[in-house]
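The values are calculated or read from the model by the stated rules, or taken from the named source; none is laboratory data. Bear in mind the structure is a predicted one, so any value in this text is a computation, not a measurement. Cβ coordinates were reconstructed from backbone atoms using ideal geometry, including for glycine residues, and neighbour counts include every protein chain displayed. Side chains are part of the model used for accessible areas, which takes the heavy atoms of the whole protein and leaves out ligands, DNA and RNA. Shrake-Rupley method; radii C 1.70, N 1.55, O 1.52, S 1.80 Å.
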Amino acid sequence: MKIVILVLLSFVLVGAHVIDNKKTDIASDDNGEWWRSGVFYQIYPRSFMDNDDSGEGDLRGIINKLDHLKDLGVTGVWLNPIFVSPMKDGGYDIADFYNIDERYGTLEDLEELFVKAKELGIRILLDLVPNHTSDEHEWFLKSVRREPGYENFYVWQDCKTEIQNGTHVVTEYPNNWIAVFHTRAWSYHPERGQCYLHQFLAGQPDLNYRNENVTKALEDVLLFWFEKGVNGLRIDAINHMFETEGFPDEPYIDEDGDTTHYDNLDHIHTRDLDESYQVIFRWRKLMEDYATEHGTDKIFMMTEAYADIDNQIKWYGTEEQPGSHMPFNFALISNLDRYSTAHDFQNAVHAWYSRLPSFGEANWVLGNHDRPRIGYRYGEDRHESLVMMTMLLPGINVVYYGEEILMTDNRDITWEETDDPNACQTNETVFQLYTRDPVRTPFQWDDSTNAGFSNAEKTWLPVHKNYKELNLKAQKEAEKSTFKYYKHLISLRKENIFKYGEFRSMAINRQVFAFVRKYESEHPVVVFINLGDRAVLSVRSILRIGEIPPNAVGKVLAAVHTSSYDINDLLNPDQFVLDKHEAIAIQVIEGEVTTTTAPLTTTTPSSASTIASSILVAVSVIFYALL
């Protein structure tokens, strides 16, 4: 039973830390930058919707489900790779940058998707993989044959081999480099008589960006898709594009550790080289020039680079030489987990904002196709509370398909069913540590066969067994649901206070992270996020960071769908209980409290008085324990 208690200010000021972040207001029309404060929805096309009953998702399936994305309210959609590919790495091994893989449909299907999405006010972004191609790409085949103009299109080096059982076996590699997928980063090609570099699979040879012809070829690809009407690009693995000339060995982190494991090398010669940034700056200018010359909407660029925060921020470039509009911020995916404290979250938020250039915009990402889903990493009960945090902080937000209905990892996929090469290159005993398949399973549309994803006898990955209860149809029909919660938060983001407002944040204690959003004369909004496994008592100290008057009334703008508080409920901002894993956004209005929510009157005055006296003693202990 929830009890109203006013906690003494002294209980919580100890260790409280305030951050004041104020960004320059953006013009009301966002200067044509339509992505400002946008929400982008990431689709893994193979798993979104199957239109032809092949067991795999396709473009027509996406077209048929655009209404769902319109209903959700997203700004744009980012599609994982759909280009022609032998699918050795889920389409990230591209064999033709100009055509669509037949499993997804045709170029005409994609053009129709562009048109229909535009009619609904949704922008479409494609996933470009410029670091490498498939070993079946014609550029690579020409390079193998040393055809004029292609001799050095890829990174080739001499290496020593010997014949064993009729096969060339490398006995001396060009250096000690290891690929991301835990193999040597060099493979021998008998026709060429040399080794080629691949920072990922052997079927993904690295392009040689020290060859100007390579940069020009990729720019031609960009221009082709600009002409087709794409609204933006997500550029994959950009920090791998250049390697140190001379190909020196990389130092081992642990000389006595596993010398064949990627994570045991300090990748000072294969990642984050300055030349990689220059390519992105050049491509940004190409985008700006194209939009200006052709009178089109501005083209948006997301970039992916798993790196330390300073190297990530560098992708923004400068005002004179801008780069990526949105370097992915992976802090909430890579650096934090269910054991992180409110202070950890505040530090992560502050770390990005303290480095953010004045012309840049932050972004928040809780999940993607390469990492376990939110619930697996943070606990399913924290999913919605973390979403409120990311949705109501200033910046761009990215939603990975299925997050809007609380889809979870399918850890029941067996070794025999595993498709991900990152896992297939290991073995049956450890593959679960490396597989990404559990986060790529078919979308759960309803409780019919295969969750409404496909009428095929077998889907490319098994549907999660919880689809009978957890599906979009059920959540649309429910009075409250995760889907309706997401939809409401996305609608709130269109308000000026969330698009342009400044914010201040505070870690009240180890488990409660809070922040205030303020914009001009609008009523400020206070957001509370309880990351902990126990209920806590809200406190007036949080209001100090927004200079909120003592007689303020709070109107609930949003609450996790399991909360006992409803939208538009009125309450004292310092007089409510924040349940475990709960998140609530309160708009603060001056005036006396005249209405309270049901949870605030569930005890008689006499019992409340007795319990309050007891809890006031206990709460001082609790708060000091949490600090």
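Is there a residue being under 17 Å from the mean Cα position of the chain (by Cα), touching a residue at least 12 places away in the same chain (Cβ under 8 Å) and open to solvent by 10 Å² or more (accessible area, probe 1.4 Å) anywhere in segment 36-43? Scanning segment 36-43, I find at least one residue that is under 17 Å from the mean Cα position of the chain (by Cα), touching a residue at least 12 places away in the same chain (Cβ under 8 Å) and open to solvent by 10 Å² or more (accessible area, probe 1.4 Å), so the answer is yes.
Considering (1) at pLDDT 90 or above; (2) within 22 Å of Val349 (Cβ to Cβ); (3) open to solvent by 60 Å² or more (accessible area, probe 1.4 Å); (4) not polar (S, T, N, Q), say which one Arg517 fails and leave the rest. Unmet condition: (3).
Please tell me if Ile405 is of a type outside the set (S, T, N, Q), closer than 23 Å to Trp78 by Cα and out of contact with any Gly (no Cβ under 9 Å at 6 or more places or on another chain). When the stated conditions are applied, Ile405 passes them. Of everything in segment 421-458 that is surrounded by fewer than 21 Cβ atoms within 10 Å (Cβ to Cβ) and charged (D, E, K, R), the residue that is modelled with the lowest pLDDT is Glu428. The residue list Thr183, Thr167, Thr161, Thr106 contains one member that is among the β-branched types (Val, Ile, Thr), open to solvent by less than 70 Å² (accessible area, probe 1.4 Å), over 23 Å from Arg271 (Cβ atoms) and modelled with pLDDT under 95, which is Thr161. Could you check segment 351-374 and list, in sequence order, the residues that are open to solvent by 10 Å² or more (accessible area, probe 1.4 Å), among the small types (Gly, Ala, Ser) and more than 20 Å from Glu320 (Cα to Cα)? Hits for segment 351-374 are Ala351, Ser354.
Considering every residue within segment 294-303, establish whether at least one is open to solvent by 20 Å² or more (accessible area, probe 1.4 Å) and in a helix (DSSP H, G or I). Yes, that holds for at least one residue. The listed residues are Gly375, Gly367, Gly360, and the only one of them that is without any contact (Cβ under 8 Å) to a residue 40 or more places away in the chain and at negative phi turns out to be Gly375. Residues that are within 18 Å of Ile43 (Cα to Cα), not in a loop (DSSP other than H, G, I, E, B) and not charged (D, E, K, R) within segment 424-449 comprise Pro438, Val439, listed in sequence order.
When residues in segment 237-266 are screened for being part of a strand (DSSP E or B) and touching a helix residue (DSSP H, G or I) at 6+ places or on another chain (Cβ under 9 Å), 1 of them pass. Condition check: of a type in the set (Gly, Ala, Ser), within 20 Å of the chain's Cα centre (by Cα) and modelled with pLDDT under 95. Does Ser10 satisfy that? Answer is no for this residue. Confirm whether Thr183 is of a type in the set (Ser, Thr, Tyr), out of contact with any strand residue (DSSP E or B) (no Cβ under 8 Å at 6 or more places or on another chain) and within 23 Å of Glu151 (Cβ to Cβ). Here the answer is no, as Thr183 does not meet what is asked. Among the residues of segment 172-198, the one identified as farther than 30 Å from Leu433 by Cα and either touching a Ser or Thr at 6+ places or on another chain (Cβ under 6 Å) or basic (Lys, Arg) (or both) is Arg192.
Of all residues in segment 177-191, none are more than 27 Å from Thr426 (Cβ to Cβ), in contact (Cβ under 8 Å) with a residue 24 or more places away in the chain and in a strand (DSSP E or B).
Checking Gln346, Gln321 one by one, the residue that is at pLDDT 95 or above, farther than 20 Å from Thr482 by Cα, surrounded by 20 or more Cβ atoms within 10 Å (Cβ to Cβ) and over 11 Å from the mean Cα position of the chain (by Cα) is Gln346 and no other.
Just one of the listed residues (Gly149, Gly203, Gly121) is under 25 Å from Glu304 (Cβ atoms) and not in a strand (DSSP E or B), and it is Gly203. Once segment 471-480 is narrowed to residues that are within 26 Å of the chain's Cα centre (by Cα) and surrounded by fewer than 20 Cβ atoms within 10 Å (Cβ to Cβ), the residue that is nearest to Pro45 (Cα to Cα) is Lys473. Whether a residue is without any contact (Cβ under 8 Å) to a residue 40 or more places away in the chain, within 21 Å of Ile567 (Cβ to Cβ), buried (at least 21 other Cβ atoms within 10 Å of the Cβ) and touching a Gly at 6+ places or on another chain (Cβ under 9 Å) was assessed, and Val525 does not pass this test. Taken across segment 61-76, residues that are assigned to a strand (DSSP E or B) and either at negative phi or buried (at least 22 other Cβ atoms within 10 Å of the Cβ) (or both) do occur, with at least one present. Limited to segment 132-142, what total is found for residues that are out of contact with any Asp or Glu (no Cβ under 6 Å at 6 or more places or on another chain), buried (at least 22 other Cβ atoms within 10 Å of the Cβ) and not in a helix (DSSP H, G or I)? Final tally of qualifying residues: 3.
Taking first residues from segment 210-232 that are more than 20 Å from Ser276 (Cβ to Cβ) and partners that are part of a helix (DSSP H, G or I) and not hydroxyl-bearing (Ser, Thr, Tyr), the Cβ contacts under 6 Å between residues at least 6 apart in sequence or on separate chains come to Gly229/Phe114.
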